[in-house]
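Input: a single structure, listed below in structure tokens.
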Amino acid sequence: MRIAISTDRRHVSPHFGRCPSFTLVDIENGKTLKRVEVENPGHSPGYIPQFLHEKGVK
């Protein structure tokens, strides 16, 4: 499973839509397999969920 965490450098950001980046984390059987940081593509209604879905976030 891949999840997205809104991040600001190495910290969790409380502003999901306006955070500088997202950390995408692949988890399997409770273990972290991979971590990738992607830049926030910008804020427009409905775009971020679509963007993250295209990156494999469930």
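Annotation for residue 28 and residue 55: the two label points, set 7 Å from Cα along the Cα-Cβ direction, are 2.0 nm apart. Farthest toward the positive end of the dipole of the chain, out of 33, 23, 50, is the Cα of 33, where the dipole comes from beta carbon charges about the Cα centre. Would you calculate, for the chain, the mean residue ellipticity at 222 nm contributed by helices, counting each DSSP H stretch of 4 or more residues as -39,500 (n - 2.57) and dividing by all residues, to the nearest 500? Counting only the DSSP helices, I get -3500 deg cm²/dmol. For the chain, taking Cα atoms only, Rg and Dmax work out to 11.2, 34 Å respectively. Stretching residue 21 away from residue 8 to a fully extended chain increases their span by 4.1 nm, per 0.36 nm per residue minus the current alpha-carbon distance.
FYI, it's all coordinate maths here, none of it is from the lab. Remember, predicted model here, so these are calculated numbers, not experimental data. Glycine gets a Cβ as well: all are built from the backbone with ideal geometry, and neighbour counts include every protein chain shown.
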